[in-house]
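Trainee: Sharing a structure below in structure tokens format, with a few things to ask.
Nothing in this text is a laboratory measurement; each read-out follows from the coordinates by a stated rule. Computed from a predicted structure; not experimentally measured.
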Amino acid sequence: MKRCEITLPIYYNEGTKIEEEKFYVTKKELTEKFGGISFNPNWSGQWRHKGNDYYDSNTLFVIDMPDEGIDFITGYKMVLKDRFKQFEIHIVVYDITVI
């Protein structure tokens, strides 16, 4: 099994709030594909680019999936980048053991 963590921004790069419908559609698609999803709507972060510090408010989506789910997630990343109008979407996938 794999655990997939997808960090999605709450605000567009110019500062306006991303529409709730986009999060709803994403939750629905991932639940239909993998049978369930957990999320933390209050995930904050900080990052540095070219000497400037940036602070983000995010939602963290967590999905436990079979190993072959990584192929779907790899392609789905482009959907998310387009939907949320981002240059990059941070996705981490790692091995887990479910007991």
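Trainee: For the chain, take the longest principal axis of its alpha carbons; what is the angle in degrees between that and the long axis of helix 69-83, to the nearest 10 within 0 to 90?
Mentor: Rounded to the nearest ten degrees, it is 30.
Trainee: If the chain between residue 86 and residue 49 were fully stretched, how many nm would it gain, using 0.36 nm times the residue separation less the Cα-Cα distance? Before the final figure, lay out the partial values.
Mentor: Values: separation 37, 0.36 × 37 = 13.32 nm, distance 1.49 nm.
Difference between extended and current length: 11.8 nm.
Trainee: Collect residues whose amide H, placed 1.01 Å from N in the peptide plane, falls under 5 Å from the amide H of residue 11; neighbours closer than 5 in sequence don't count.
Mentor: 18, 57
Trainee: If a/c stays under 1.5 just call it rounded; otherwise compare a/b with b/c (prolate if a/b is bigger, oblate if not). Do that for the stretch 33-72, with a ≥ b ≥ c from the square roots of the Cα gyration tensor eigenvalues.
Mentor: Details: a/c = 5.44, a/b = 2.01, b/c = 2.71.
Cα axes put the stretch 33-72 in the oblate bin.
Trainee: Same structure again: Evaluate the relative contact order of the chain (contact order divided by residue number), counting alpha-carbon pairs under 8 angstrom at least 6 apart; express in whole percent.
Mentor: 46
Trainee: Then there's this: Counting only helical runs of four or more DSSP H residues, what would the 222 nm mean residue ellipticity of the chain come to if each run contributes -39,500 (n - 2.57) and the total is spread over all its residues?
Mentor: One gets -10000 deg cm²/dmol as the mean residue ellipticity at 222 nm.
Trainee: Same structure again: Tell me, what ³J(HN,Hα) does each residue in the stretch 86-91 have, in order and in whole Hz, if you take phi through Karplus 6.51 cos²θ - 1.76 cosθ + 1.60 with θ = phi - 60° and put x for Gly and Pro?
Mentor: Result, rounded to whole Hz: 10, 6, 8, 10, 7, 10.
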